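Here, each number is a calculation from the coordinates, and none is a lab measurement. These numbers were taken from a predicted model, which means no experiment stands behind them. Cβ: placed from backbone, ideal geometry, glycine included. Neighbour counts: every protein chain shown.
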Amino acid sequence: MKNIKKATAAVLACSMLLAAAAGCGSNSSSKAESTGKSTADEASKATKDSAAKKTDITFVLDWTPNTNHTGLYVAQEKGWFDEAGINLKIEQPPEDGAEMLVGAGKAQFGVSFQDYLLPYVAGDNKMPIEAVAALEQHNTSGIISLKGKGMDRPKGLEGKKYATWDLPIEQGTLKRVVEADGGDFDKVELVPSTVYDLVSTLESGQVDAVWIYYGWDGIATEVAGVETDYFAFKDIDPVFDYYTPVVVGNTDWMKANPEVTKKFLSVAKKGYEYAIDHPDEAADILLKYAPELSGEQVKKSQEYVSKQYKAEVERWGYMDPERWNAFYKWVGENGLFEAEIPENTGFTNDYLE
């Protein structure tokens, strides 16, 4: 009996010890759970705070994605915008183009062209928008036609159908190169047309000549095996070596956010310089974001355009004031814009590294 009591006492003591241990364990577990929850909450808060500190930037393209835009997609894919505290959203443009969205402050940045940008930066209807970086250092645009049709030089456009956008600067440019070559611009048949499929348009005979950027549409004819003749505007007159395409930004937003603007352009520079050094991989990245594009065209175009991003200059994005002003001066002197165009209108290099 005594032994039974001892055994019972031992069991009770043991039970009490186990209960105490369990109580301690339970308390310890609760504390751990509480600590874990607290740590998780703090981590979540830190993540939210980090996200809250990021700047949302909308970038509007000028057209569907192409190799003019590759550097942006490279930087996006590599996570460099995110690392810089920027949430970048790349959008395709509405019908009235990127300029209206950027000028109205509905997007911070976009793509434009020096010739097309003028009405937005001078005159009565100007908006708070300006070019902040050149995407290519030289104007690679010109006139393309089917080979052997006599349009390998501007004078050959006499009696031929040219697809026009009906823009004064566009037609003034064409008039200048035709007349510089001894031709009569009045003999060029201007056909209002927007060409979406260059190869089929030329082969169908709807028009004979089209203004293109060789790095994209010219490469498209090569890929399609279509033989063409082509001349570049800058080769006829250096005044046409203006900046096209360019990155434009909302002037008011950039003045209020100068450091973010510099950071954005610094990351873009990193993306474009990567594409210069790694055109094949850069092309693959563009195709990842725009799988509807022709892989062969993108690869060949990237090889061509990567050499144009900086060309001979050391500083990505730099715009030479002399070249910029020379083109706008030519526009003004030829009465192609109704308002005065002050020197250094519409661009700045101040945000570049």
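At-a-glance table
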item: Footprinting exposure proxy for TYR243, TYR318 (fewest neighbouring C-beta atoms within 10 Å first); result: TYR318, TYR243
item: Charge dipole (debye, nearest 20) of the chain; +1 at Cβ of Lys and Arg, -1 at Cβ of Asp and Glu; result: 2940
item: Estimated dipole of region 141-240 in Debye, rounded to 20 [Cβ of Lys and Arg +1, of Asp and Glu -1, Cα centre]; result: 100
item: Dipole of the chain, positive end: most advanced residue of ILE169, VAL248, ILE143 [Cβ charges, Cα centre]; result: VAL248
item: Under the Karplus curve 6.51 cos²θ - 1.76 cosθ + 1.60, θ = phi - 60°, whole-Hz ³J(HN,Hα) for region 73-84, x wherever Gly or Pro sits; result: 5, 4, 5, 5, 5, 6, x, 6, 5, 4, 4, 8
item: Summed side-chain charge close to ASP166 - residues other than ASP166 whose Cβ falls under 15 Å, Lys, Arg +1, Asp, Glu -1; result: -1
item: Given LYS161/LYS234; LYS147/LYS307; LYS175/LYS299; LYS175/LYS270; LYS126/LYS149; LYS89/LYS299, the pairs whose alpha carbons are separated by over 31 Å; result: LYS175/LYS299; LYS175/LYS270; LYS126/LYS149
item: Part-to-part distance (alpha-carbon centres) for region 240-308 and region 155-209, which is given in Å; result: 29
item: Degrees, to the nearest 10: 279-289 long Cα axis against longest axis of the chain; result: 70
item: DSSP-defined antiparallel bridges as percent of all bridges, the chain, nearest 5; result: 55
item: Sequence-distant aspartates and glutamates (8 or more away, or on other chains) whose Cα lies within less than 14 Å of LYS262; result: ASP350, GLU353
item: For Kirkwood radius over Cα pairs in Å, calculated from these coordinates, the label among (i) 23.5; (ii) 22.3; (iii) 21.7; result: (i)
item: Fewest-first ranking of VAL102, VAL267, using other Cβ atoms within 10 Å as the exposure measure; result: VAL267, VAL102
item: Radius 12 Å from Cβ of GLY249, net charge of other residues (Lys, Arg +1; Asp, Glu -1); result: -2
item: Local electrostatic count at GLY295 - Lys and Arg +1, Asp and Glu -1, tallied over other residues with Cβ under 12 Å; result: -1
item: Where chymotrypsin sites (Phe, Trp or Tyr not before Pro) fall in DSSP loop in region 82-167, at most 14 other Cβ within 10 Å; result: TRP165
item: Estimated FRET transfer efficiency when R0 is 30 angstrom, pair VAL313-ALA224 (beta carbons, to 0.05); result: 0.40
item: Relative contact order (percent, whole number), the chain, Cα cutoff 8 Å, 6+ residue spacing; result: 25
item: Dipole-positive endmost among LEU202, TYR214, GLY183 within region 141-240 (Cβ charges, Cα centre); result: GLY183
item: Taking HIS278, HIS69 and counting other C-beta atoms within 10 Å, the order from fewest to most; result: HIS278, HIS69
item: Coil-residue GluC sites (Glu not before Pro) of region 213-277, DSSP, other Cβ within 10 Å capped at 12; result: GLU227
item: Spin-label pair ASP235/ASP186, simplified geometry with 7 Å Cα→Cβ offset, distance in nm; result: 3.0
